[in-house]
1. For the cross-link pairs A:K38/A:K171; B:K76/B:K136; A:K38/A:K208; A:K171/B:K136, which exceed 19 Å when the distance is taken from alpha carbon to alpha carbon?
2. Extension gain A:T50-A:E204, at 0.36 nm per residue separation less the Cα-Cα distance, in nm?
3. Evaluate the relative contact order of chain A (contact order divided by residue number), counting alpha-carbon pairs under 8 angstrom at least 6 apart; express in whole percent.
4. Once fully extended, how much extra length lies between A:N78 and A:R66, figured as 0.36 nm per residue of separation less the alpha-carbon to alpha-carbon distance?
5. So what is the calculated 222 nm ellipticity per residue for chain A, using -39500 (n - 2.57) for each DSSP H run with n of 4 or more, over all residues, to the nearest 500 deg cm²/dmol?
6. For every other residue with a beta carbon closer than 11 angstrom to the beta carbon of B:D88, add +1 if it is Lys or Arg and -1 if Asp or Glu, then tell me the sum.
7. Which length gain, in nm to one decimal place, applies between A:D85 and A:R116 when the Cα-Cα distance is subtracted from 0.36 nm times their residue separation?
8. Name the GluC sites (Glu not before Pro) in segment A:157-213 that are in a loop by DSSP and that have at most 10 other C-beta atoms within 10 Å, would you?
Amino acid sequence: MGLFTGLRNSIARVTSSLFSGGQRQRRIGIYGPPNAGKTTLANRIARDWTGDAVGPESHIPHETRRARRKEDIEIERNGKSVSIDIVDTPGVATKVDYTEFLEHDMEEDDAVRRSREATEGVAEAMHWLREDVDGVIYVLDAAEDPFTQVNTMLVGIIESQDLPVLIFANKIDLDEASVQRINNAFPQHETVPLSALEGDNMDEVYDKIAEYFG
Amino acid sequence: MSEAHDDPGTDGDAGGDDEIDAENADDGSGVQIDMISGERMDGLTSMEKIRLILDGVHDGNIVILEEGLDPDEESKLIEVTMAEISPDEFTGIEIETYPGTEQQGNGGFFDRLLGRESRTKLTVIGPANRLETLHKDETLISALVTRR
């Protein structure tokens, strides 16, 4: 399936850019599991090209509970300019238990509220994935096992929408990181290693964004 | 083990007479497993399938789908699950599927060329507070089911 999915995605990319005349703003959703570093990446991209951040970062899961959009990000690569909107989404999960937040020294009321906001945010992000994005950056923590059902399902859902997708193996600054493990999990897609926190390999990140979404 | 045998109808109510079985499972004497055939799911709309699954899971049952869901239905299942999570009552679902996306497409060249994929995709879904995946690899799902 990988070969044909890749071929289909390539055709979709070329067709889309032909009909858009290269001018249309592409809406790129940043998806992935909680704590993969999606907001850190969104902030890195936004700061590098606009000077502003997208949202607060935290080690507590579901810090991002509402999708945040940063519009008109102009990325210049190899003499060409690519204009995108990036949408930082809540980490996708099939379960949210408010008691997990209590372990982060949170009061129960705050934990329950966080849980409610997180579930609403994930539902919204899933809806948008079907309706409202032109491409996807799927962020994974390279230090974690990528073979999870949520990752498999999400990548399958993205493929079924014929959306161009780039897989980013984030947190390569960590000793336990393994980009190869992510490559093995999703061989049908290109995996780009990076550290959004440290800013490692961002040149390749921008090259690939321009190539896939430009 | 019992196969779900209610008719979800068109109003999304997938409950019916299974509630009696769910009560038996709920009293701590066991865990009910609903094994739903592909044939049974064939006649349902996406939302009816999701309702059938989530009603079973809300009752504390483990639901096994012979043919799984398509990606669009999986997306809606996550969306509806999130909408139904509530503190102290329902914390969501645990879900595992065989084969995973990366292992599908075992058909022949023409099947892949024409976008035809094997429909065989066994899926296990249960309440997150009762079903825990202990291990999953290319040939085995090992799960722990706990009573309430």
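1. On the way: A:K38/A:K171 11 Å; B:K76/B:K136 24 Å; A:K38/A:K208 17 Å; A:K171/B:K136 24 Å.
As for pairs spanning more than 19 Å Cα to Cα, those are B:K76/B:K136; A:K171/B:K136.
2. Values: separation 154, 0.36 × 154 = 55.44 nm, distance 1.86 nm.
Gain in length upon complete extension: 53.6 nm.
3. On the way: 384 pairs, mean separation 53.4, N = 214.
Relative contact order for chain A comes out at 25 percent.
4. On the way: separation 12, 0.36 × 12 = 4.32 nm, distance 3.41 nm.
The A:N78-A:R66 span can extend by a further 0.9 nm.
5. On the way: 7 runs with 91 residues, N = 214.
The helix contribution divided over chain A gives -13500 deg cm²/dmol.
6. Values: positive: none; negative: A:D97, A:E108, B:E89.
That sum, taken over residues with Cβ under 11 Å, equals -3.
7. Values: separation 31, 0.36 × 31 = 11.16 nm, distance 2.67 nm.
Working it through step by step, the gained length comes to 8.5 nm.
8. Details: sites: A:E159, A:E176, A:E190, A:E198, A:E204, A:E211; in loops: A:E176, A:E190, A:E198.
Here the sparse-neighbourhood loop sites are A:E176.
Read-outs throughout are calculated quantities, based only on the coordinates presented, and are distinct from any laboratory measurement. Because the structure is a prediction, the values reported are computed rather than measured. Reconstructed Cβ throughout: ideal geometry from the backbone, glycine too, with neighbour counts over all protein chains shown.
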